Every structure is written in C-alpha cells, then in structure tokens.
1. Rounded to two decimal places and with Rh computed the Kirkwood way over Cα pairs, what is Rg over Rh for segment 1-46?
2. Quick check on the exposure proxy: order L17, L46 from fewest to most C-beta atoms within 10 angstrom.
3. Please give me, ordered by residue number, the chymotrypsin sites (Phe, Trp or Tyr not before Pro) of segment 1-58 that lie in loop per DSSP and have at most 11 other Cβ atoms within 10 Å.
4. Can you give me the long-range amide H partners of A35? Hydrogens built in the peptide plane at 1.01 Å from N, cutoff under 5 Å, separation of 5 or more residues or another chain.
Amino acid sequence: MDVKAHRFRNPSKKWDLNTVHDIDAVSLAVPYCQAVVPDREIADLLSRSKAGPRNGTHVLRGLGDLPDLLADLTRTAKESPHRVSAEDWVRQGERFCMTMEDLQRSATTPAVR
C-alpha cells in the first residue's frame, strides 16, 4: 500500500497497466524474497516506502548488483548455524544451488517433485 501511496503523490505521473502489474508483483515478491530487481521507477518507490528494509529484502537497482549480493547471501547461508536446507533458506524437499556447479548439475537433472 505504501508503494501505491508514494506513486499517488506524484500527480504528473500517469497510471498505466504496466505500473499496476509492477506494483502488484513487488508487493508479492518483497515480503518473500531475499532480493528483488524491479525497474527504476518501482525501485525508487520501494526505496521511499522503506518496504525492503522492513521486510529484510534487498531492493537492487540493476542486475549488476546481483552477483555481489548473491556472494554475500551464499556466505551468510554457509556460515549459518542452521543447515543450508533449514526453513530460513529452503523449504523441506526443495533444492537450492549454493555454487555454480550445483546450478549446472540441476540444469541437467530433472526436478524432483
């Protein structure tokens, strides 16, 4: 709701269907994701609403920031006193790739359902 409120504060901006879809998407993603990479306008709205910090989500302004963040998240996961498969990182029965080798193996291995 805060993102929409910040968007409404700028009367010079026209609403379009894409903006509505973007706001709906980030409203679902931010509470559940470690990181989101929205477009510039939505990243700015998320920044002003402080939605990322409130939810513990990193709001990135571009894909160029993603490799460093993934390295930090991987390090945090590996240093966690919990097993990597703990609920904080992966739900029971789901797989999570922690290295490029894991990712490449998962691409050639059928998903377990």
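1. Using only Cα positions, Rg/Rh for segment 1-46 is 0.95.
2. Placing the least packed residue first, the sequence is L17, L46.
3. Working: sites: F8, W15, Y32; in loops: W15, Y32.
The qualifying sites are W15, Y32.
4. H58
Where a number appears in this text, it was derived from the coordinates with a stated rule and is not lab data. Note that the structure is a prediction, hence the values are computed from the model and not measured. For neighbour counting, all protein chains shown are included, and Cβ atoms are generated from backbone atoms with ideal geometry for every residue, glycine included.
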